[in-house]
Structures are given as structure tokens and as C-alpha cells.
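The values are calculated or read from the model by the stated rules, or taken from the named source; none is laboratory data. Here the structure is a predicted model, which is why all the values come from computation and not from measurement. Accessible surface areas use protein heavy atoms only, side chains included; no ligands, DNA or RNA. Shrake-Rupley method; radii C 1.70, N 1.55, O 1.52, S 1.80 Å.
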Amino acid sequence: MNILKLQKRLIQAYRKIYWHQLQIQHRNGSLNELDEQKKLEKLDKVIQEVKQDRDLEGLRQDLHRCEGYFYLHPEARRLDIKQYTRKKIV
């Protein structure tokens, strides 16, 4: 697989995972604004690291770990992340 396509798929997977985790925390009532901001900053950092990473095998392993998360939480795979913004967590 092309490294750029792999990076794009991995970034989409990370976004879905992070938004799914924020949704769960929001539903449980354990999410405050500071925690949400920290989580989104961490996501931005992860995305930057993925964009800079040129290790094809490492990226494949990360994607494999994301696939494991989707296996445990199939509803996360179906998230349409386009509907989520930094201001709105449903």
C-alpha cells in the first residue's frame, strides 16, 4: 500500500477512535471541558506524528491496532466524523 494512502487511512481511524471515546465519556458524564480539550490536543499531536512518520511497517502496525479497536467497538467504525467539530460532541 502507498504510504500516503496508509497515512490517510490511519488518520481517519484515529479520528474515529478519539471521537468515539469522547462520546462514551460524554454519555457517562465523566467529560469536562478541560479533559475534552486535552484529548483533542492529543489527537492533533498524533495526527502530526502520523503525517511525519515514514516507517511503512510502523504505520501498518498502528492501523492494525486501530482495527482491533474497531473489532471491539464496531459502532466506532460507522461514525461519520464529518459531522463532528471541535465544538460539538454528541
Whenever you get a sec, compute what percent of the accessible area on the chain sits on carbon and sulfur atoms (1.4 Å probe). 50 percent
Once both axes come from the Cα atoms, what is the angle between helix 3-28 and the longest principal axis of the chain, in degrees from 0 to 90, rounded to 10? 20 degrees
Per residue solvent-accessible surface (Å²) - the chain, probe of 1.4 Å: 70 Å²
Taking 0.36 nm per intervening residue step and subtracting the Cα-Cα distance, what contour gain separates Ile81 from Glu33 on full extension? 15.3 nm
What 222 nm value per residue comes from the helices of the chain, counting each DSSP H run with n ≥ 4 as -39,500 (n - 2.57) and dividing by all residues, nearest 500 deg cm²/dmol? -25000 deg cm²/dmol
